[in-house]
Every structure is written in structure tokens, then in C-alpha cells.
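Data first, discussion second: the structure below is written as C-alpha cells.
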Amino acid sequence: YAAKGRGLGVCRYAPDLDGHSAERLRLLGELRRAVDEGELVLHYQPKVSLPGERVEGAEALVRWQHPRHGLLFPDAFIPLAERTALIRPLTRWVVDAALRQCRSWLDSGRVLRVAVNVSARNLSDDRLADDVAELLQRWGVPASCLELEMTESAILADPARARAVLERLAALGVVLSVDDFGAGYTSLGHLKNLPVHVLKVDRSFVAAMGTDRSDALIVRSIVELGHNLGLRTVAEGVEDRDTAERLAALGCDEGQGYLWSRPLPAAQFERWVDAARPVPTGS
Ligand code: C2E
Ligand code: MG
Ligand code: MG
Ligand code: MG
């Protein structure tokens, strides 16, 4: 197994997810159990407004507390789940856990939006909107506090079905975001006709904005495109102050990245939020 460290004690276990290797099959069985037995955890990364840098919400990013391999990043197991029906219960678990967390933030006076990533298979499944409606109701969280992020390629895998699912989600009042925008190949014609609200500029362009003139121009073009279509724009992968200032100057609405915080376990995230924006006392 290839494994390398990457902060916060998370192990970069890199299983071979291709083909029908014994390792892949074992991991899939373990993942099925993990969803039911509470081995998945969410870490939260703040999203801040630009230029004010007020905390608006958080992206929930799944990790797997694996009994033998330690804490695993999503790229070690999400692709596996995505190729099977397991992605539905997994996404349902993530939405449920994220909304329970959001409920707890609301109850403690922290009005924050929570964002969850959904996969191509979720978008071709009518039950996604049913699950989301049921879970919003279960936790009494306003739909506008839930954001769903999906990549361009997830939408384009089956655009007609994705569109129908997105329309139902939009009708509920959920915020819909195109993740990693610019990295794939969305036809702009599709974009115009989809009920999406946010473009998240892919971090590959954001990372080099300060040093690469064409990346800076691409980010500017995406922000302008988004605004011309009436969408909000968010930059992911903001790692330094210079980049944050450039983004604010371009009118990008929100930022997310290591400059502010890495994804954190819930308790640490709350401390971070409270340090950035004290909770009113007496609430
Ligand atoms: P994503 O949705 O684009 O999430 C952003 C990724 O960038 C996260 O990696 C985050 O930790 C990382 N990141 C954030 N800020 C920075 C930065 O400043 N610099 C750099 N270099 N990286 C930054 P993570 O947590 O490993 O997640 C990777 C991908 O896994 C996500 O990409 C998303 O596509 C997928 N994923 C995560 N959680 C879920 C989930 O619950 N369900 C599904 N279906 N996919 C998920
Ligand atoms: Mg995302
Ligand atoms: Mg992204
Ligand atoms: Mg990504």
C-alpha cells in the first residue's frame, strides 16, 4: 500500500480501486459496514465572504475512521462507492450527519450553511430529492441552509435526469453549486438551463493566480461569467493572503482554503468559528 502523511494525522492510504482486486472487494465490504456502523466522520472547512471574511458556512468533507488503515481521505473510498449502489446510503448518511450538525449550530446561535458533495449516481436517482426533503424535515433545518455541490462531469453523466433531480432540489430551496468549475467541460448552453446558484472556481486556477497570468484571467472570466448569469462565485483552494485579495478585487463572493482553515473535526471547527465571530452571549 502506498501511504503518505498529510496533516491532522490523516493517513494517505491509496488502495488500488481499479478492476476486481481482492483489496478492492474487501474494502467495498468494509465500507458497506462502515456506513451502518458509524465509522464515517465529517470534517468541516469554513467558507468566508469576500472581502469581509465573515464565516458564511462550511463544506462537509467525509473521512473514514478505518479500523486498520486509520483515518482515510475520500479519494481512498468515494470512487469505490460511486461505482456501486453504496453511494446512495453513503450520501444519505452524509446529508443526515451534516444537517444534524447544522441543527446544532443553529441551536447555539451559529447561523451557518452546510455544503455536501453529491456524486453523478445521486443525480440520476430520483430518491435524492426525497431523501433531502425528508432529512431537512427531520432536523428542522431551512432548505436555504443546505448546499449541494456537484461537479460538471457528475451533471453531464446524464444531463436530462440530473436536470430533473436538480429542479426538484431547487424547488425545495436548496442551494446548488457547480464544484471544480473550469476543470471539466461544461457546455455553457447547459449551464444557462440548469437551476444552479453558485460556481465554485476549481482550485487549480486559484492556486496559481498570483504567478500565472492565464490562470488569473481564467478566474476573472469565471467570476464574470457567473455574475453575468446571476450566479454567486466561490473560490476553493485559497492558500495565501495575496490570492484572497486578488479574488476580492475581482468581485468573487466567497473563499475557502487553507488560508482560513483546513477541514476540521466538528468541535475544532466550532472553536474556529467562535474565534472568528464570537457567538452573542445570553443566547
Ligand atoms: P472537493 O469537493 O472539491 O473538496 C475540496 C477538497 O480540497 C477537499 O479535499 C479539501 O480538503 C481540499 N482543500 C481545501 N482547501 C484547500 C487548499 O487551500 N489547498 C488544497 N491543496 N486543498 C484544499 P478532500 O477532503 O480530500 O476531498 C476531496 C474530494 O472528495 C472532494 O473535492 C469531493 O469531490 C470528494 N468528497 C469529499 N467528501 C465527500 C462526500 O461526502 N461525498 C462525496 N460524494 N464526495 C466527497
Ligand atoms: Mg466540494
Ligand atoms: Mg471542489
Ligand atoms: Mg475537487
(request) Net charge near ALA183: determine it from the other residues with C-beta under 11 Å of the C-beta of ALA183, scoring Lys and Arg +1 and Asp and Glu -1. (result) -3
(message) Just want to confirm a number: the relative contact order over the chain, from Cα pairs under 8 angstrom separated by 6+ residues, in percent.
(response) 17
(request) Using amide H atoms built 1.01 Å from N in the peptide plane, name the residues 5+ places from ALA183, or on other chains, whose amide H lies under 5 Å from its own. (result) ASP202
(request) Return the ratio Rg/(2.2 N^0.38 Å) for region 89-178, where Rg is computed over Cα atoms only. (result) 1.03
(request) Quick one: among ASP18, ASP158, ASP242, which has the greatest mean-square fluctuation in a GNM of the chain with alpha-carbon springs under 10 angstrom? (result) ASP18
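Expressed as a rounded percentage, what relative contact order does region 166-206 have, with Cα pairs under 8 Å and six or more residues apart? Display every interim value, and only then the final one.
Numbers: 41 pairs, mean separation 21.3, N = 41.
Normalised by residue count, the contact order of region 166-206 is 52 percent.
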(message) Among DSSP bridges having both ends in the chain, what percentage is antiparallel? Round to the nearest 5.
(response) 50
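Please report the projected area of region 67-107's Cα convex hull averaged over all directions, in nm².
3.7
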(request) Search the structure for amide H atoms under 5 Å from the amide H of THR151, placed 1.01 Å from N in the peptide plane, and list their residues when 5 or more places away or on another chain. (result) ASP179
(request) Please report the Cα spread of region 198-283 along all three principal axes, rounded to whole Å, starting with the longest. (result) 47, 28, 20
(message) How large is log10 of I(q)/I(0) for region 34-117 at q = 0.10, 0.20 Å⁻¹ when the intensity is taken from the Debye formula with one equal scatterer per alpha-carbon?
(response) -0.29, -0.93
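Would you work out if region 128-283 is rounded, prolate or oblate? Take a ≥ b ≥ c from the square roots of the eigenvalues of the alpha-carbon gyration tensor; rounded if a/c is under 1.5, else prolate when a/b is larger than b/c, oblate otherwise.
Taking the square roots of the gyration eigenvalues as a ≥ b ≥ c, region 128-283 is oblate.
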(message) Over 10 Å intervals from 0, what percent of Cα-Cα pairs in region 20-167 sits in each interval?
(response) 11, 38, 35, 14, 2, 0
(request) Pick out which of GLN45, GLN256, GLN137 has the largest mean-square fluctuation in a Gaussian network model of the chain, springs linking Cα atoms closer than 10 Å. (result) GLN137
(request) Please build a GNM for the chain, connecting alpha carbons under 10 Å apart, and tell me which residue among ALA97, ALA208, ALA267 fluctuates the most. (result) ALA267
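Rank the residues ARG26, ARG32 as a footprinting-exposure proxy: fewest other Cβ atoms within 10 Å of their Cβ go first.
Final ranking by Cβ density, sparse to dense: ARG26, ARG32.
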(request) State, as an integer percentage, the relative contact order of region 79-158 based on alpha-carbon contacts under 8 Å between residues 6 or more apart. (result) 37
(request) Quick one: what are the phi-derived ³J(HN,Hα) couplings along region 42-48, Karplus 6.51/-1.76/1.60 with θ = phi - 60°, whole Hz, x for glycine and proline? (result) 9, 10, 10, 10, x, 10, 10
(request) Could you pull out every residue, at least 5 positions away or on a different chain, whose amide H is within less than 5 Å of the one on GLU239? Hs are placed 1.01 Å off N in the peptide plane, and Pro or chain starts have none. (result) LEU259
(request) Taking the convex hull of the Cα atoms, report for the chain its projected area averaged over all directions, in nm². (result) 15.2
(request) Could you list LEU148, LEU71 in order of exposure, starting from the residue whose Cβ has the fewest other Cβ atoms within 10 Å? (result) LEU71, LEU148
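Every number in this text was worked out from the coordinates using simple rules, so none of it is lab data. As the structure is a computational prediction, the values presented were derived from the model and not from experiment. Methodologically, a virtual Cβ is constructed for each residue, glycine included, from the backbone with ideal geometry; neighbour enumeration extends over all protein chains shown.
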